[in-house]
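The values are calculated or read from the model by the stated rules, or taken from the named source; none is laboratory data. Since the model is a prediction, treat every value here as computed from it, not as a measurement. Every residue, glycine among them, receives a Cβ derived from its backbone with ideal geometry; neighbour counts consider all protein chains shown. What goes into the accessible areas is simple: the full protein's heavy atoms, side chains included, and nothing from ligands, DNA or RNA. Shrake-Rupley method; radii C 1.70, N 1.55, O 1.52, S 1.80 Å.
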Amino acid sequence: MSGMVYEEARLVGSADIAEGMKRMTFLAPGIARRARPGQFVMVSTEARGTLLARPLGVSGADPEDESLTLRFAVVGKGTSWLAERRNGDAVRMYGPLGHGFTTGAKDCVLIGGGTGLAPLFFLKEEIEREGGSALLLAGAKDRLCLMESDVLESGCVIATEDGSLGERGLVTGPLRRLTAGRRFDMAYACGPVPMLKAVKDACAQAGLPLEVSLETRMGCGVGACNGCTCDQAVKDGAWLKVCKDGPVFRAEEVLR
Ligand SMILES: Cc1cc2nc3c(=O)[nH]c(=O)nc-3n(C[C@H](O)[C@H](O)[C@H](O)COP(=O)(O)OP(=O)(O)OC[C@H]3O[C@@H](n4cnc5c(N)ncnc54)[C@H](O)[C@@H]3O)c2cc1C
Ligand code: FES
């Protein structure tokens, strides 16, 4: 099933998953049945001064119980409004949007930094559901900023810049070490642009194909406004639309 739907999603669960970060689960049958890892939804907020909907990556979707999970940092008006919703509240959203990750590879490594970890939870579940293996490398400034740190502590590789959890340093440290000693089929990354560039470099050295998800500011989310173009996504001298051509790209196409 594909295509985008408008939905009044009903909030059914909410939790704090790090300092200033939330996990919210909605009953959203139309989106949950269609969503693929790497796609996103546009969430309409009723906060004053937020005319435009806000993009959030799909962090989990279960077509059977019709649930949609979002994990996000509370950074401004829109995400603050969302974080204040209570169970039973309706939130308008549309999606799923954009091109998601290509799955099907067997032995995969997933690299996420900060809020870029959000879509990788869904990707990991999907790869494992399809019978592949997915090793998640998670990076954050410190322990308090790492979303779902208690979940990630079992079975994932963690790197924090201050060493408060996992290895001290950037997530590219363990990535370089792992790819030197083990052959993966595919890598996927989401996070800040400097991290993505370092991951691209490490994967190129290891001869490992990589897909990256870019996060830009967005207007419409559907290719109509050019609000999502950025220096990192240009092809043959023309801006790509991150919302429609992405947000997932092959690394060699983007990140100059
Ligand atoms: C495809 C896509 C998927 C995303 N998925 C997630 C996700 O799963 N979890 C998550 O926490 N965030 C995600 N983001 C970022 C999220 O959209 C922004 O944090 C959100 O729109 C901020 O809205 P706001 O009204 O709260 O903040 P605003 O009041 O609009 O801005 C507050 C601050 O946040 C900064 N900001 C706003 N938008 C972005 C952005 N896109 N990237 C970086 N900084 C921004 C502004 O520059 C400003 O400093 C995603 C963005 C895109 C494009
Ligand atoms: S956000 Fe409008 S064209 Fe991409």
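Computed quantities for the displayed model
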| read-out | value |
| --- | --- |
| Unit charges at the beta carbon, dipole of the chain: most positive-side option, Ser59, Ala251, Cys108 | Ala251 |
| With every protein chain in place, the chain: carbon and sulfur % of accessible area (1.4 Å) | 49 percent |
| The stretch 1-92: trypsin sites (Lys or Arg not before Pro) in DSSP coil with no more than 11 other Cβ atoms inside 10 Å | Arg48, Arg86 |
| Contact order normalised by residue count of the chain, Cα under 8 Å, 6+ apart, percent | 17 percent |
| Hz values of 3J(HN,Hα) by residue in the stretch 214-222 - Karplus curve (6.51, -1.76, 1.60), Gly and Pro given as x | 9, 10, 10, 6, 10, x, 9, x, 10 |
| Entries of Lys77/Lys141; Lys106/Lys244; Lys106/Lys200; Lys22/Lys77; Lys200/Lys244; Lys124/Lys244 with Cα pairs more than 25 Å apart | Lys106/Lys244 |
| Cβ-based charge dipole, the stretch 124-181, positive-most Cα from Val157, Gly181, Ser133 | Gly181 |
| Percent of beta bridges antiparallel (DSSP, the chain, rounded to nearest 5) | 60 percent |
| Accessible area expressed per residue, the chain, with surrounding protein chains retained (probe 1.4 Å, Å²) | 46 Å² |
| Karplus-derived HN-Hα couplings along the stretch 112-129 (A = 6.51, B = -1.76, C = 1.60, θ = phi - 60°), whole Hz, x at Gly and Pro | x, x, x, 5, x, 6, 3, x, 6, 4, 5, 4, 4, 4, 5, 4, 5, 5 |
